[in-house]
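Below you'll find the structure, written out as structure tokens, and then a few comments.
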Ligand code: SF4
Ligand code: SF4
């Protein structure tokens, strides 16, 4: 098991053991024990699906509070492009950026601006030699973790470039140092306004040996009403936004891929679809493609668990906002477009314990696998979840691993009881 620090937690007091999250978790990380959900931390990818479906709001994401920024002398907000799709009648992104300044931030650096730079460098990267295709986007941290845990053979396909949030953090720190050379790096605080818990986990854990340049992560839903109150729709707003259609387009599925101006791409969203596509890349059953954009949430980041707006409505709002923007406000200069700066790359990939591995020993894994298959044949096969596992296959695995008892299956227990009573009846009759 790795030492990943998670952001999705269970409030045990609120959980009624209804099994809804159990049936929706894409990595089968949830079990119901003694009437309460339990998350297997080694399997959880912080996708937030369980937060979205829990009828009792018992699953929650632990992010920072805005007041956690008070310890810094110079506070910078990094709004995710998704934030722009959360408000009614927003015809100008500057209202949001000014609102953030009114909340106490000293500066705002848009992640959408960084996204336009990443798009430009991705176009350059795809033209390079020895690039393993299809290149898989590194923007969605859920996808990165899913690849690490379930598809380690695809790690070399991951785009080795930092995601826009990290590039924005780097830009924000450089700008702060330029404006205030007297500040130390510790006095500069960078806060990402996030649509999803996975970004908060990414900031806590980094990626491989890379450590995030972001200091705190505040959820869009936590900040929403405060920001709404601070926003002023006035004609005297300062022109702060430096993003175009491309950058803001990253909030929705397909936005990153279409910015590559290359037709050989695929964009898929929703964790089930992402799983299928990764399976197909692994099994080499997809057509030749240059680039694959994968977003764990339906619709892309607008579907994140920490947003306020229905993802489809958010997408429509973003379309309206983008209509009058230039395609991009961040093209590379002739000089910049020759080579991608070294500090735009991850230095390595993380190595995790694949969740499908049953034991560190290969022979033991094979033995356990055979036992699971045999046991699976004896189970009802209706995946009812009454045993506390999402499927009969998962239950068989739990029993073989010793984390569940066969008697937890009520159907098997009822069948065995019936057979015992029948047998007993036959014996009594023959007396
Ligand atoms: S969805 Fe999961 S966490 Fe929420 S009440 Fe049901 S079992 Fe508990
Ligand atoms: S966050 Fe996702 S992976 Fe983790 S327990 Fe919830 S549904 Fe499962």
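Find the relative contact order for region 93-223 and round it to a whole percent, using C-alpha pairs within less than 8 Å whose residues are 6+ positions apart.
21
So what is the relative contact order of the chain, in percent, for Cα pairs below 8 Å that sit 6 or more residues apart?
For the chain, the relative contact order is 21 percent.
Using Cα pairs closer than 8 Å and at least 6 residues apart in sequence, work out the relative contact order for region 22-177, in percent.
Computed value for region 22-177: 20 percent relative contact order.
Pop the C-beta distance of residue 363 and residue 156 into the FRET formula with R0 = 25 Å and round what comes out to the nearest 0.05.
With R0 = 25 Å, the Cβ-Cβ based efficiency is 0.35.
222 nm [θ] for the chain, helices only, -39500 (n - 2.57) per DSSP H run of 4+, per residue, to 500?
About -11000 deg cm²/dmol.
Taking the Cα atoms only, what angle lies between the long axis of helix 362-378 and the longest principal axis of the chain, rounded to 10 degrees?
Tilt of helix 362-378: around 60 degrees.
At a Förster distance of 41 Å, what's the computed FRET efficiency of residue 43 paired with residue 187, Cβ-Cβ distance as r, to 0.05?
The value I calculate is 0.60.
Take residue 285 and residue 13, extend 7 Å from each Cα along the Cα→Cβ direction, and tell me the distance between the two endpoints in nm.
Taking the simple label geometry, residue 285 and residue 13 are separated by 4.8 nm.
Cut-off is 10 Å between beta-carbons; in what order do 113, 19, 403 appear when sorted fewest neighbours first?
Neighbour counts put them in this order, fewest first: 403, 19, 113.
Shape call for region 66-344 from the C-alpha gyration tensor, a ≥ b ≥ c root eigenvalues: rounded (a/c under 1.5), prolate (a/b greater than b/c) or oblate?
In terms of gyration-tensor shape, prolate.
Using alpha carbons only, how many angstrom separate the centre of region 47-101 from the centre of region 224-258?
Each part's Cα centre sits 13 Å from the other's.
What ranking do 238, 276 get, fewest neighbouring Cβ atoms within 10 angstrom at the top?
By the 10 Å Cβ count, ascending: 238, 276.
Fewest to most neighbouring Cβ within 10 Å: what's the order for 312, 207, 344, 192?
Working: 312 13, 207 22, 344 16, 192 29.
Going from least to most buried by this count: 312, 344, 207, 192.
Given the Cα-Cα distance of residue 226 and residue 276 and 0.36 nm per residue of separation, how much length would full extension add, in nm?
Gain on extension, residue 226 to residue 276, equals 14.0 nm.
Readers should treat all values here as calculations from the given coordinates under stated rules, not as data from a laboratory. In this text the structure is predicted, and so the values were computed from the model without any measurement. Ideal geometry is used to build each Cβ from the backbone, glycine not excepted, and the neighbour counts take in all protein chains shown.
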